[in-house]
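A.B. asks: Handing you a structure now.
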Amino acid sequence: MRFSAYFILISYLMAGTGLVAVSLTNIISPVFLIATGILISLSFFLSILGKPINIQRLVWNSLAIIILAAGLIDYLLISLSLIDASVRFLTILMVAKLFDLKTNRDYATLYLLTFFQLLAASASTVNLSFLFALALYILTGIWALTIFNLKRDWEEKSVAHNEIAKNILDPYFFIVTAGLAALSLIITLSLFFVIPRMGVGFFPKQTADTIKISGFSEKIDIGDLGPIKLDPSIVMRVELSGYKTPATSRLYFRGISFDTYNGAQWQQTIKELVALHKNSKGIWNLKSEIQNSNSEIIIQTILLEPIETNVIFAASTGIGVSGNFQNIAADKMGSFYLPAPFYSRIEYTAYSLLPAHPKPILPEQSYYKEVPLQYLHIPSGLDRVSVLVKGITSGKKTPLDKAISIEEYLKKNYRYTLSPGIPDRSIRKQEGKNPVEDFIFYTKAGYCEQYATTMAIMLRTIGIPSRIVTGFLPGEWNKFGNYFIIRNRDAHSWVEAYMPGAGWTTFDPTPSADTVGAMPAATTAIGLYIDTLKWKWNRYIVNYSFQDQMNLAKTVEGKGRSMLSKLRGSFNTKTVASKWKDMLLLITAVVIAAIILITIRSLVLRAKGKTRWPNTPLFYKDMLVLLAKKGKTKKTGETALEFADSVAIEGVKAATDIYYNIRFGGHKPTDEEKAQISAYLISIRKTLP
């Protein structure tokens with residue numbers, strides 16, 4: 001392949017990498033992407049065939065002005081986003097520039113455009129694939145810039161219209177540049193982890209479209225959770241600290257509570273929000289137990305996808321959250337809220353108390369006076385339900401025993417399904433007066449919403465305060481990353497009842513709660529491993545923080561001290577001499593092996609004639625000696641071509657051209673050229689006084 005073809009190919013690889021990077025942002029549409037790809041391919045084939053489209057400078061400048069105007073209109077009237085408009089503007093400008101590559105300056109402009117494309121993509125995507133796009137860009141960038149500088153220097157210093165020999169771009173060149181790219185990536189990542197993080201940014205870390213989800217607004221209709229329980233979209237990933245058996249856990253990730261049921265839907269009537277205060281550790285406390293409780297506390301690192309709610313989740317009984325938030329609020333039912341729904345992926349830490357097992361205690365006479373009446377309200381027409389509940393709880397004395405008996409009754413006598421249907425009323429002897437009666441006496445099958453609603457109402461008929469809660473019951477444990485993958489289909493609803501001596505206590509009447517959501521077969525090992533990479537990317541790259549740096553420094557310091565301690569211990573033993581002897585033998589063996597490998601490599605390169613830069617040819621040294629005797633000495637730092645121009649002798653210039661081809665082009669002189677060289681030297685002797 002000709003050198004010029006190499007140069008064109010590498011330049012278009014850079015352009016393609018820039019296009020791949022911006023395609024990961026989901027800003028440019030598939031149609032726009034396909035059209036751009038077609039235009040880039042067309043330009044590439046025209047360049048390779050040596051038939052570029054000649055665009056007049058006036059036409060190009062006019063086109064650039066039109067593209068700039070379109071970008072401003074996009075920003076001011078269409079997207080209203082600087083980063084979105086910039087991505088489209090840079091992509092269109094890059095495609096236009098590909099049809100106008102004439103000079104080295106044009107290629108430099110192309111490289112600059114691809115760099116800004118990568119910069120825009122880095123500011124607007126958290127896709128793991130961006131890492132591979134970045135690595136490819138660094139590799140092709142080093143190739144392109146190296147070849148670009150070779151081409152420019154050759155054109156400036158060498159003979160006009162004489163192309164660089166193609167054999168300087170042998171596999172060794174690409175292997176070395178690939179190694180430099182890998183080294184650059186390692187250095188870049190090292191600097192990324194070392195340079196102090198700052199909690200500022202000019203562009204948001206946008207993600208994919210907001211996930212649609214039900215059950216986390218001020219009201220919930222019976223049946224809202226059904227459709228989303230078939231949706232496998234990932235809602236959040238949760239890493240646990242201070243919890244020993246996560247793979248088999250029954251952790252409920254609490255979202256929002258509802259206190260009032262009107263016969264068709266649940267509503268939040270206790271809406272008062274209280275702004276939380278951040279303590280010295282950066283935690284917004286909901287309760288003081290986070291500092292002084294003896295209960296088991298679990299810490300969760302949660303990576304939450306953008307969903308259509310401002311609710312944030314915490315396992316079990318949430319008592320505090322921390323993260324890069326301006327403020328956090330909470331309601332009186334224990335739910336956490338952001339000021340507004342978030343439209344990008346966020347990471348935060350939640351602190352929760354594991355629920356203690358309540359003891360069956362008879363309530364005191366004034367026990368329920370502290371509970372709002374909303375938690376005891378029931379709609380009319382539930383006489384049959386009340387009679388059934390009294391039969392179920394007959395003989396049970398404490399509220400806890402009664403609640404457990406209702407929970408077990410529903411689990412044992414009803415069936416879980418996502419499509420319960422509506423029985424034909426024509427075959428009924430009596431119609432249900434409301435959804436609860438329909439469920440209990442007719443359909444006898446349903447999903448979590450119906451079970452939770454039924455149990456909450458049954459508890460209220462016997463005077464036990466209750467409410468329903470919507471959230472998630474973790475469905476899948478990723479053993480490779482040690483975290484929960486929580487999907488839309490893991491959305492769940494359960495009951496909280498107010499128990500004497502324990503407060504609000506969780507009950508789950510849904511049968512087979514371990515498989516809530518009719519979960520399909522578990523994700524394959526490859527799928528889990530890929531998801532782990534996504535988790536690590538977002539956790540330690542996208543959301544890498546100053547606190548992470550502090551933790552990393554402490555870990556390195558701890559391991560360093562441990563290593564020093566072990567070394568000191570080893571020096572206190574009687575085997576120090578033997579250890580030093582073994583170490584010296586190992587070092588000697590490594591040095592000998594390195595010498596052998598270097599020698600073999602040198603011999604192989606010489607045998608193949610592939611020494612990177614050959615030594616100065618003897619005829620050129622003879623010419624320099626001859627010229628020096630005549631007072632024409634080559635100065636330090638002066639190139640061969642510059643020296644030939646200063647001497648101004650045709651024979652010197654011609655010999656210098658052959659010297660360039662031999663030394664830097666890998667050219668082997670022919671017999672004819674050898675004869676010419678001898679003639680040039682004779683001519684130089686005669687020409688000089």
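The values are calculated or read from the model by the stated rules, or taken from the named source; none is laboratory data. Since the structure is predicted, the reported quantities are computational estimates derived from the model, not experimental observations. Cβ atoms come from the backbone with ideal geometry, glycine included; neighbour counts cover every protein chain shown.
A.B. asks: What strands (runs of 3 or more DSSP E) lie completely within the stretch 250-289 and have 1 or more residues being among the polar types (S, T, N, Q) and under 20 Å from A497 (Cα atoms)?
C.D. replies: Because the criterion is at least 1 residues that are among the polar types (S, T, N, Q) and under 20 Å from A497 (Cα atoms), the strands (runs of 3 or more DSSP E) in the stretch 250-289 that meet it are 253-258, 265-267.
A.B. asks: Just for the stretch 296-321: of the residues that are in a strand (DSSP E or B), polar (S, T, N, Q) and within 23 Å of the chain's Cα centre (by Cα), which one is surrounded by the most Cβ atoms within 10 Å (Cβ to Cβ)? Let's see the steps before the verdict.
C.D. replies: Restricting attention to the stretch 296-321, the residues satisfying the condition of being in a strand (DSSP E or B) are 297-304, 307, 311-312, 314-315, 317-321.
Now narrow it down to the ones that are polar (S, T, N, Q): 300-301, 317.
From the residues that got through so far, the ones that are within 23 Å of the chain's Cα centre (by Cα) too are 300-301.
Details: Q300: 26, T301: 18.
Ranking the qualifying residues of the stretch 296-321, first place goes to Q300.
A.B. asks: Do you know which of the residues in the stretch 246-274 that are aliphatic (A, V, I, L, M) and surrounded by 18 or more Cβ atoms within 10 Å (Cβ to Cβ) is modelled with the highest pLDDT?
C.D. replies: I256
Here is a yes/no grid of residues against (1) touching a Lys or Arg at 6+ places or on another chain (Cβ under 7 Å); (2) on the phi > 0 side of the Ramachandran plot; (3) modelled with pLDDT under 80; (4) among the hydrophobic types (A, V, I, L, M, F, W, C):
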position	(1), (2), (3), (4)
I48	no, no, no, yes
I73	no, no, no, yes
L77	no, no, no, yes
L80	no, yes, yes, yes
L93	no, no, no, yes
F99	no, no, no, yes
T114	no, no, no, no
S129	no, no, yes, no
A133	no, no, no, yes
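A.B. asks: Are there helices (runs of 4 or more DSSP H) fully within the stretch 1-82 with at least 2 residues that are loosely packed, with under 13 Cβ neighbours inside 10 Å, in the same structural domain as T146 (by TED's automatic domain parsing) and without any contact (Cβ under 8 Å) to a residue 40 or more places away in the chain? List them.
C.D. replies: Per the criteria, 30-48, 57-73.
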